[in-house]
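The values are calculated or read from the model by the stated rules, or taken from the named source; none is laboratory data. Since the model is a prediction, treat every value here as computed from it, not as a measurement. Glycine also receives a Cβ, built like all others from the backbone with ideal geometry; neighbour counts cover every protein chain displayed.
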Amino acid sequence: MSALAFESRVQPGIARLKAYDPGHDIVALRRRFGDALVELGGNESPYGCSPAAAAAMQAALRDPGRYPDPLATGLRQAIARREGLRASQVLPGNGSHELLMQIAQAYAGPGCTVVLPRYGFAVHALAAIAAGAEVVWVDALPVDDAMPRGHDLPALAAAIDRNTALVYVSNPNNPTGTWFEPAALEAFLAQVPGEVVVVVDEAYHETATQPGLESAARLLGRFPNLVVTRTFSKAYGLAALRVGYALADAGLLAPLERLRESFAVNAAALAGAEAALGDQAFVHRFRADNARERTRLAEAVGALGPTVTPSQTNFVLVDFGRPAAAVEAGLLERGVVVRPMAGYGLPDCLRISVGTTAENDRLLQALAEVLP
């Protein structure tokens, strides 16, 4: 059977998908530039992970011939204690990406719609389409708003109808860096019918320093249709391990338990994440260092002419007012990797991760050379 014939047999939702775009072949770039490469495209932490997490991972790999705990009991309990929840309200996964996909697989499908904000995280749309659902896009706030390209929560609520199965939002949001206040989320949730599942993706929760920007997890008791997803890839510096988790009503998570892969989270990830969770001093240092450099980077880039969107994440969205492909190519030639945004419908923008002081200095020097 030819490849074309196989394509004709693919399920409709999968046939409509485009593969997740990581932006660059980072392995090839590492070979090309070696230690001179400045990686500011993946929103990873430049500070590594907690020493306690590193030690726990090494210990976990002393006997790699044994499967990890299939129930992730220790990590579940540690997260539950920290969040004031029951262990049955916590579900670890192979990155939050896996959990975001499984939520759509469980609760959406053909004949359903999934409501998404424009300029939201790409995986939310991938999850909806893979499940066979139709996506209803809701325009973002205008660029002249105080929160340019941020989520328009009232418009998202208005887009929900009897066919809506799911809504995905992020707080703070990738790729814009924007956020919404807890009161706005609470008002939004109060308008959503109880049978519609609302996912609040909090991958960047630990990077936020805005006073009063609380987690949606505090609302789980009031809204049993709410799911909060988090990751250890950002502030905890464990991106290579691929471990995240969902917080929700135990009844909502139960179908995901049936969907999840056996031994979904590997032994090193389980041990490292649990130890990292216990070292909140490390996370506090990351948050402070990231916030300091985020402010400096935004001000310095803005001084060069582009518009920088307000951010509560570990990156900034930079609008050059013209197609940014040439700027990105110039940076890449100088060994600085950033994230192109054309795939998000933002061809004039680049997303720049917050690096160390030295990495940000390299970026600023290269950007000054590239810009006219």
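Suppose we keep only residues that are of a type in the set (A, V, I, L, M, F, W, C) and assigned to a loop (DSSP other than H, G, I, E, B) within region 261-305. Which one would you say is farthest from ALA55 (Cα to Cα)? Step through it out loud before you land on a result.
Keep residues of region 261-305 that are of a type in the set (A, V, I, L, M, F, W, C), which gives 263-265, 267-271, 273, 275-277, 281-283, 286, 288, 291, 297-298, 300-301, 303-304.
This time we only want the ones that are assigned to a loop (DSSP other than H, G, I, E, B), so: 263-265, 304.
Working: PHE263: 22, ALA264: 22, VAL265: 18, LEU304: 43 Å.
Step by step, filter region 261-305, then rank; the result is LEU304.
If you scan region 204-241, which residues turn out to be part of a loop (DSSP other than H, G, I, E, B) and within 12 Å of the chain's Cα centre (by Cα)?
Just the residues of region 204-241 that are part of a loop (DSSP other than H, G, I, E, B), to begin with: 204, 208-215, 220-225, 232-238.
Within region 204-241, TYR204, PHE232, SER233, LYS234, ALA235 qualify.
Consider VAL192 carefully, then state whether it is more than 14 Å from VAL90 (Cα to Cα), β-branched (Val, Ile, Thr), surrounded by 14 or more Cβ atoms within 10 Å (Cβ to Cβ) and touching a helix residue (DSSP H, G or I) at 6+ places or on another chain (Cβ under 6 Å).
Values: more than 14 Å from VAL90 (Cα to Cα): yes; β-branched (Val, Ile, Thr): yes; surrounded by 14 or more Cβ atoms within 10 Å (Cβ to Cβ): yes; touching a helix residue (DSSP H, G or I) at 6+ places or on another chain (Cβ under 6 Å): no.
The answer is no for VAL192.
Mind counting the residues in region 310-345 that are surrounded by fewer than 23 Cβ atoms within 10 Å (Cβ to Cβ) and within 16 Å of PRO172 (Cβ to Cβ)?
The total comes to 3.
Every residue, every condition in (1) over 30 Å from ALA104 (Cα atoms); (2) buried (at least 20 other Cβ atoms within 10 Å of the Cβ); (3) among the aliphatic types (A, V, I, L, M), yes or no:
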| site | (1), (2), (3) |
| --- | --- |
| THR209 | yes, no, no |
| LEU219 | no, no, yes |
| PRO224 | no, no, no |
| VAL243 | no, yes, yes |
| GLU299 | yes, no, no |
| GLY302 | yes, no, no |
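With the condition kept exactly as written, say whether any residue in region 143-163 is of a type in the set (Asp, Glu), under 26 Å from PRO340 (Cα atoms) and at pLDDT below 95. Steps first, please.
Step one: filter region 143-163 for residues of a type in the set (Asp, Glu), giving 144-145, 152, 161.
Now narrow it down to the ones that are under 26 Å from PRO340 (Cα atoms): 144-145, 152.
Okay, now just the ones that are also at pLDDT below 95, so 144-145.
There is at least one residue in region 143-163 that is of a type in the set (Asp, Glu), under 26 Å from PRO340 (Cα atoms) and at pLDDT below 95.
Just give me the residues in region 166-184 being buried (at least 22 other Cβ atoms within 10 Å of the Cβ) and outside any loop (DSSP other than H, G, I, E, B), in sequence order.
Listed by number, the residues that qualify are LEU166, VAL167, TYR168, VAL169, SER170.
Report, ordered by the first and then the second residue, all pairs with beta carbons closer than 6 Å, sequence separation of six or more or different chains, a first member in region 6-19 that is over 19 Å from GLY343 (Cα atoms), and a second member that is of a type outside the set (A, V, I, L, M, F, W, C) and surrounded by 11 or more Cβ atoms within 10 Å (Cβ to Cβ).
Going by the 6 Å Cβ cut-off, the qualifying pairs are GLY13/GLY132.
Taking VAL228, is it more than 20 Å from PHE180 (Cβ to Cβ), crowded, with 17+ Cβ neighbours inside 10 Å, touching a Ser or Thr at 6+ places or on another chain (Cβ under 8 Å) and in the same structural domain as ALA183 (by TED's automatic domain parsing)? Step through it out loud before you land on a result.
Working: more than 20 Å from PHE180 (Cβ to Cβ): no; crowded, with 17+ Cβ neighbours inside 10 Å: yes; touching a Ser or Thr at 6+ places or on another chain (Cβ under 8 Å): yes; in the same structural domain as ALA183 (by TED's automatic domain parsing): yes.
No, not satisfied.
Within the group LEU61, LEU85, LEU37, which residue is modelled with pLDDT of 95 or more and among the hydrophobic types (A, V, I, L, M, F, W, C)?
Numbers: LEU61 fails: modelled with pLDDT of 95 or more; LEU37 fails: modelled with pLDDT of 95 or more.
It is LEU85.
Would you call GLU257 assigned to a helix (DSSP H, G or I), of a type in the set (Asp, Glu) and over 22 Å from PRO172 (Cα atoms)? Walk me through it before giving the result.
Numbers: assigned to a helix (DSSP H, G or I): yes; of a type in the set (Asp, Glu): yes; over 22 Å from PRO172 (Cα atoms): yes.
Judged against the criteria, GLU257 is a match.
Between residues in region 295-311 that are touching a residue at least 12 places away in the same chain (Cβ under 8 Å) and closer than 16 Å to GLY150 by Cβ and residues that are in a helix (DSSP H, G or I) and among the aliphatic types (A, V, I, L, M), which pairs lie under 9 Å by C-beta distance while being six or more apart or on different chains?
THR309/ALA298; PRO310/ALA298; SER311/ALA298
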